[in-house]
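The structure under discussion appears below in the form of structure tokens.
The values are calculated or read from the model by the stated rules, or taken from the named source; none is laboratory data. As the structure is a computational prediction, the values presented were derived from the model and not from experiment. Quick reminder, even Gly has a Cβ in these numbers, built from the backbone with ideal geometry, and neighbours come from all protein chains shown. Heads up: the accessible areas ignore ligands, DNA and RNA and are worked out on the full protein's heavy atoms, side chains in. Shrake-Rupley method; radii C 1.70, N 1.55, O 1.52, S 1.80 Å.
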Amino acid sequence: MGGWLKGEAREYQEKLRLDGEQYREFSETANCLFDAQRLDVDCRFLKLSDAGYFYEKFCQALPCCVVSISTTMEYYKILLDELKGSNSHALMNGENDNSPCLGNDILGWDIGGFHSFLCNSLQKELPDVRFNDVGLLGNAFSEVEGFMRQIQGKGEPVEWIPCRIGMHGQNAEFDRLTGGKIS
């Protein structure tokens, strides 16, 4: 969540637009979720309900939304193998993601967290990629699977996984900055 290092707390509190008491509660809530293994080392919530609660309680003044990362069972099984031996608690599973789609990405699991194929500038290998207004792939998931196969073995030494990014909520500030439209 950030703000744990000396001197960062005040800066993080200001970014979140929280007063001292709200920031204390924010920190305690994050620590409790982490201790309960419901907030992972990369600050990923493992339960949508926890993300929703955190969003409602602490993020109303920020232009943000709750997003999900999902993939098909075939790629989920690859991720489970990647998690073995990492310091991650787990991945959510078992639910279909019926949220509105923000776009797609190709993610790799590395040292306890996800990162995008963009971190390695691998989009240069893929002349047919299209990006939407929020910087995600605008191509259909089946096309993204093809892109993933083209970059496998390139960049970081990870298994690249095609992922769908969904949106589960947004606030008025997010709507104001984006016009409430995601395409």
- [ ] Scan Lys47, Lys57 and give me the residue that is at pLDDT below 85 and open to solvent by 40 Å² or more (accessible area, probe 1.4 Å).
- [x] Lys47
Task: the stretch 73-130 - residue that is buried (at least 17 other Cβ atoms within 10 Å of the Cβ), farther than 18 Å from Gly153 by Cα and small (Gly, Ala, Ser) and, of those, modelled with the highest pLDDT - done: Gly103
Task: the stretch 39-55, residues that are over 13 Å from Val67 (Cα atoms) and either without any contact (Cβ under 8 Å) to a residue 40 or more places away in the chain or assigned to a helix (DSSP H, G or I) (or both) - done: Leu39, Tyr53
Open item on the list: Go through the stretch 131-158 and report how many residues are modelled with pLDDT under 90 and either open to solvent by 30 Å² or more (accessible area, probe 1.4 Å) or not β-branched (Val, Ile, Thr) (or both).
Closed with: 4
